[in-house]
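Trainee: Dropping a structure here in structure tokens format, bear with me for questions.
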Amino acid sequence: MRGLPLAKLLFVSSQITRPTSPGAPRTPRVPQPSSRRTPLALAALTLVVAACQSAYPYDAKTPDEIQADARADIERRDASSALTKLEYIRTKHPDYPDQEGVDFKHAVAKKIQGRLWKAFVEFREFLEKYRASSYVHESAQHIYDIGTQLIQSRSSFLGTGIFREADDGVLVLTYFAEQFPNHPSLDAALRLMAGYKFETGDYPGAIADYDRIVKAHLESPWHDFAEYRIAICHLRSVRRADLDQSELRKAYEALQSYLTFRTSGMRREEVMAALRECTEKLSESEYRIGDFYRVLGKHFGAAQHFRLAATQYPGTYWAVKAEEALAALPPESGALTEAPRTVAPGSASRPAADAAGTAPW
């Protein structure tokens, strides 16, 4: 083995285990895993290489060049690199003439980074600071995008349902609607806000937003849907049929208007189903008011409302009950001899005065 190199001799000797006794066979040595220091060394080397590659020659660049590189980072959606460069310009070149461009790109980078509320705040402050900026239209679109992402989010604080991102989305889109009333996406923003308010039970707020679509966006693809939803909002606002007659009347009128003027509307079936529900509630309203009079012993007023429930809304559950209640009233109430009052379909009546001319409340 004299002619073998030293390294090879060391390798061969490391693979052989000396026998424990003169007669024992030689066994090859199992290779052991490499030292733990090797992965650590590779990781350290990787970090060094990355640091060398990420080193940016700020001193050799003008502010314009740095801003151009930041714009390139934004186009690659590398928000962190862009923000680092833009912050450098803000810090090292406070008198840089194009601070407007720096501030705009800073807000855009925050949006790309996913810090949506912070990005919105920066865009809002940007528009307040640079009112005549050439970036106004781009800022409007970014604000709309931010509001859309937030309002469609279902995230909340620790999943508790409070401090929801969607609530922030409503605030962002409300600002958008106020500041950019002629933006082509305004109707879509109103639809998103109205839909969220509808889902969360804010029916007056939803009606206000849907109404803006109906009145100001006649060509909007959401116009038909907005008309339908206004009627449904009124219907869902009813807590008790005998207490919320005003909302019932508005719902009935809106549903009838849809069927009358939207002969080819996309939601006629849903409207007809809602109209049946609304008619049932109007009948219930008259019945319950009549029953209130009956309990007070004011049979004349009770007969009037029972008769309205039976004649104006025939075929409903409450119309049948009203007929039964009329038959059970004493003859002196006028239940059998008094002619039914003519009331426009769907218009719930005001509580009738009793024989002495006074209402029960």
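Trainee: For Tyr317 and Thr91 in one chain, what is 0.36 nm times their gap in residues minus the Cα-Cα distance, to one decimal in nm? Intermediate results must be reported in sequence, preceding the final value.
Mentor: Working: separation 226, 0.36 × 226 = 81.36 nm, distance 7.48 nm.
Stretched fully, the Tyr317-Thr91 segment lengthens by 73.9 nm.
Trainee: Moving to a separate point now. For a protection proxy built on the mean count of beta-carbon atoms within 10 angstrom, sort 265-273, 289-297, 308-316 highest first, please.
Mentor: Numbers: 265-273: 14.3, 289-297: 18.6, 308-316: 20.8.
Order by mean packing, descending: 308-316, 289-297, 265-273.
Trainee: Now for a different question. Taking neighbour Cβ counts within 10 Å as the exposure measure, how do Cys278, Cys233 sort from fewest upward?
Mentor: So the ranking, lowest neighbour count to highest, is Cys233, Cys278.
Trainee: Also: Between Asp69 and Lys215, what's the calculated FRET efficiency when r is the beta-carbon distance and R0 is 51 Å? Round to 0.05.
Mentor: The calculated FRET efficiency here is 0.60.
Trainee: Counting Lys and Arg as +1 and Asp and Glu as -1, what is the net charge of the other residues whose Cβ lies under 12 Å from the Cβ of Gln179? Provide the component values of the computation, followed by the final result.
Mentor: Working: positive: Arg124, Arg131; negative: Glu128, Glu178.
Counting the neighbours of Gln179, the net charge comes to 0.
Trainee: Now a separate question. Computed FRET efficiency, Cβ-Cβ of Thr260 and Arg77, R0 30 Å: what is it to the nearest 0.05?
Mentor: E(calc), rounded to 0.05, equals 0.05.
Trainee: Using the eigenvalues of the Cα gyration tensor, what equivalent ellipsoid semi-axes result for the range 244-334 when each is taken as the square root of five times the eigenvalue, whole Å, largest first?
Mentor: Semi-axes (√(5λ), whole Å): 31, 12, 9.
Trainee: Using 0.36 nm times the number of residues separating Ala60 and Ala273, minus their current alpha carbon distance, what extension gain do you get?
Mentor: Extra length available between Ala60 and Ala273 comes to 69.5 nm.
Trainee: Further question: Please report how far the C-alpha centroid of the range 135-201 lies from that of the range 50-116, rounded to the nearest whole angstrom.
Mentor: After rounding, the separation between the Cα centres reads 28 Å.
Trainee: Compute from the Cα atoms of the range 123-189 the Rg and the Dmax, the latter being the longest Cα-Cα distance, and quote both in angstrom.
Mentor: Rg then Dmax for the range 123-189, in Å: 13.1, 42.
Trainee: Something else about it: Can you pull out the GluC sites (Glu not before Pro) in the range 154-223 that DSSP calls coil and that have at most 16 other Cβ atoms within 10 Å?
Mentor: Glu219
Trainee: Further question on the same structure: Please sort by residue number the chymotrypsin sites (Phe, Trp or Tyr not before Pro) in the range 115-165 whose DSSP state is loop and whose Cβ has at most 11 other Cβ atoms within 10 Å. Don't skip to the answer; put the middle values down first.
Mentor: On the way: sites: Trp117, Phe120, Phe123, Phe126, Tyr130, Tyr135, Tyr144, Phe157, Phe163; in loops: Tyr130, Tyr135, Phe163.
Loop-located and lightly packed - Phe163.
Trainee: For Lys129, give me every one of the aspartates and glutamates with a C-alpha distance below 19 angstrom, ignoring sequence neighbours fewer than eight places off in its own chain.
Mentor: Straight-distance partners of Lys129: Glu87, Asp95, Asp98, Glu100, Asp103, Glu138, Glu178.
Trainee: For Ala189, what is the net charge nearby, where nearby means another residue's Cβ is under 11 Å from its Cβ and Lys, Arg count +1, Asp, Glu -1?
Mentor: Result for the neighbourhood of Ala189: -2.
Trainee: Compute the length gained on full extension between Arg154 and Glu100: take 0.36 nm times their separation in residues and subtract their Cα-Cα distance, giving the result in nm to one decimal.
Mentor: Here the segment from Arg154 to Glu100 would lengthen by 16.0 nm.
Read-outs: derived from the displayed coordinates by stated rules, not from any lab. Please read these numbers as outputs of a predicted model, since none were measured by experiment. Heads up, the Cβs are rebuilt from the backbone with ideal geometry, glycines too, and the neighbour counts pull from every protein chain shown.
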